[in-house]
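The values are calculated or read from the model by the stated rules, or taken from the named source; none is laboratory data. Since the model is a prediction, treat every value here as computed from it, not as a measurement. A quick note on method: Cβ atoms are made from the backbone with ideal geometry, for glycine too, and the neighbour counts reach across all protein chains shown.
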Amino acid sequence: MFLAQLTNELWKLFGKKRTYIGFGAFVLAQSAMLILFKYTNWQKHFEAMLANNGYVATEYISALTVALIMVWPQVLLLMPLYVALVGGDLVAKEAEDGTLRMILSRPISRARLLTVKWLGGIIFAAVLVLALGVIALLTARVLFPWGGMFVFGKLQTSSAFSLFEPGQGLALYAFSHLFMVMNAITMLSVAFMFSCFNMKPAAATILALSYLFMNMVMQHIPFFESYQNWFITYHFESWFLVFENPTPWPQIFQSEITLVAISATAFMIGAMGFQVRDIKS
Amino acid sequence: MIALREVHKKFGARVAVHELTLSVPRGEIFGLLGHNGAGKSTAIGMMLGQVWPTRGEVKVCGHDVTSQRARALQKVGAIFEAPAFYDYLSGRRNLEILSHYSAPTSPERIRQVVDWVGLTGREQSKVRTYSHGMRARLAIAQALLPQPELLILDEPGSGLDPEGIAEMRQTIARLHRELGLTILLSSHLLGEVEQLCTRIAVLNQGRKVFEGQVADIKAARGRVALRTPDFAGATALLRERGIISGSIDGKYIALNEGRTTAEVAKALVTADIPVQGIWHEEQTLEDFYLTLVKAGNTANHD
């Protein structure tokens, strides 16, 4: 019965067009980035940087490197936006449309209904992130050759860059997406929590994004440097730590456990708010 | 089937339902009447466990809705004003989704219900392509899926055209006749309630102001219509002779206790006042309802 309810939740979720906005946006954004990478000076600058560090540029300007560069801004901004959009819809949209009243005239408990909806949302979040990774890699492969992976940027424990053989790079690329899924689940859970209260779906989405941006801004204010652990965005960076050498597993697990706890707390708060709420037309 | 005992509901400082006690026995079509904001939907919400009562006891099918909601609603179907569906999915998919919130439902049962409401052939079409009447039929289908014993209908005729209203009325009567369902019908359409319901309750500003048999209301002493070219002269004479206590709207007279229309006719003819017609007018549910609500409002203003 639970499985049938979850399947139906997925029918509802994947049956409506707005669920696919995120997938469409990823394809558009990645196509635009690819064209910029390929046909602007970006590639020349990148080759020069690699050459200055003693590496053969042709080995590392690859589909894997470009895919990772494309994924970065999308994980930071687009992915939270689209999971918050769906998370904010999960309960509030049904309340707004009147279907929630139809459901709650049936003997299903509110806690079970929310659990089914939340799990449906989690499946969506996982599919969205995995689609992001696969689409990025496939589209990058169209214009760039297969080769080693070059990772650079400010990492949490070092600011150096890393180089990986193609096989190892692909494995790490796939592995990092598991942690990105946790980021997406956390954002979805926050939006879901707001959605459980008496508000419009857009309001739930906006509140969730406001929470994200507030964390993002505060995390980068020097005054809060010693309070990094309190910010959700700090833990959202853990997916990138898998590219560090050696991998800081304790830090990654600490962040993942924190994100699991935030998601569970958001669900519980939402469930409590929903339980005491009067559902009216 | 439904028993509300001293149920009270407040939204903030506003009292939506005031100490409501109500009983709907098995097999009855019970009408719940009241103007917008009278507390009907809140009362229905409490029966379905959608609205939590501030205090009081709500029992459906013998189970307390607050503490045993799942058991109480196991054999209950509900239809709301402007039934909402997942428009982007087919009618059949909607039925599957909604039925799984009650109990596992076989494809055969869904087929039976679709057939019963007359949607066969259109069940695979997306709900967004359905007419208002078809949506109403789909709403009935979803309510029938759990093989209910009790059907709660909250303004089911709202937004339907006269043909749709008539169809809805026939369907409700058929549900009662063929499936033996107990039905709670909340409606603004007094004519429909009068034709369908055996008993009614009237809510006004959250309070129950009447509960009783529709037949009793109709049988109650109505007003007497008097048609004469000199209505003012006639009523003055009848009042002078102690036959009537007053007149209403220049058309009706109120007979004093023990007086008859024959006496009215005799008095007027004797006084050379022509009488074109005189008859008892049966009290309609609408007259009764409006009088009741008017009296309640006047009392509250006083």
Can you tell me which of B:12, B:27 is under 28 Å from residue B:119 (Cβ atoms) and either outside the structural domain of residue B:115 (by TED's automatic domain parsing) or surrounded by fewer than 18 Cβ atoms within 10 Å (Cβ to Cβ) (or both)?
B:27
For residue A:205, state whether it is β-branched (Val, Ile, Thr), surrounded by 18 or more Cβ atoms within 10 Å (Cβ to Cβ) and in a helix (DSSP H, G or I).
yes
Filter segment A:265-281 down to residues that are more than 14 Å from chain B (Cβ to nearest Cβ) and in contact (Cβ under 8 Å) with a residue 40 or more places away in the chain and give me whichever is nearest to residue A:228 (Cα to Cα).
A:266
Check A:176, A:189, A:162 and return the single one that is more than 14 Å from every other protein chain (Cβ to nearest Cβ) and modelled with pLDDT of 95 or more.
A:189
Would you point out the residue of segment B:252-279, among those that are in contact with a strand residue (DSSP E or B) (Cβ under 6 Å, 6 or more places away or on another chain) and not hydrophobic (A, V, I, L, M, F, W, C), that is farthest from residue B:194 (Cα to Cα)?
B:276
Just to be sure I understand the filter: pairs with C-beta atoms under 8 Å, separated by 6 or more residues or on different chains, first member in segment B:64-90 and more than 9 Å from chain A (Cβ to nearest Cβ), second member aromatic (Phe, Trp, Tyr). Which pairs pass?
B:66/B:52
Residue list for segment B:42-59, filter: crowded, with 23+ Cβ neighbours inside 10 Å and small (Gly, Ala, Ser)
B:43, B:45, B:49
If you go through segment B:240-280, how many residues are at pLDDT 85 or above, within 17 Å of residue B:229 (Cβ to Cβ) and either assigned to a loop (DSSP other than H, G, I, E, B) or of a type in the set (D, E, K, R) (or both)?
6
Any idea which of (1) of a type in the set (A, V, I, L, M); (2) within 22 Å of residue B:293 (Cα to Cα); (3) not assigned by TED's automatic domain parsing to the domain that holds residue B:153 is the one residue B:201 doesn't satisfy?
(3)
Among the candidates B:234, B:201, B:295, residue that is in contact with a Phe, Trp or Tyr (Cβ under 9 Å, 6 or more places away or on another chain) and either modelled with pLDDT of 90 or more or in a helix (DSSP H, G or I) (or both):
B:201
Exactly one of A:195, A:162 is farther than 22 Å from residue A:104 by Cβ and surrounded by 16 or more Cβ atoms within 10 Å (Cβ to Cβ), and that residue is A:162
Find the helices (runs of 4 or more DSSP H) located wholly in segment B:51-141 whose residues include 3 or more that are in the same structural domain as residue B:156 (by TED's automatic domain parsing) and more than 30 Å from residue B:15 (Cβ to Cβ), and list them.
B:91-99, B:107-117
Considering only residues that are within 7 Å of chain A (Cβ to nearest Cβ) and of a type outside the set (S, T, N, Q), look in segment B:97-108 and name the one that is surrounded by the fewest Cβ atoms within 10 Å (Cβ to Cβ).
B:104
Qualifying position, being away from every other protein chain (no Cβ under 13 Å) and closer than 28 Å to residue B:30 by Cβ, among B:122, B:111, B:137
B:137
If we keep just the residues of segment B:39-61 that are more than 14 Å from chain A (Cβ to nearest Cβ) and more than 23 Å from residue A:102 (Cβ to Cβ), which is farthest from the chain's Cα centre (by Cα)?
B:55
Residue check for residue B:127: touching a Ser or Thr at 6+ places or on another chain (Cβ under 6 Å) and either at pLDDT 90 or above or within 12 Å of chain A (Cβ to nearest Cβ) (or both)
no
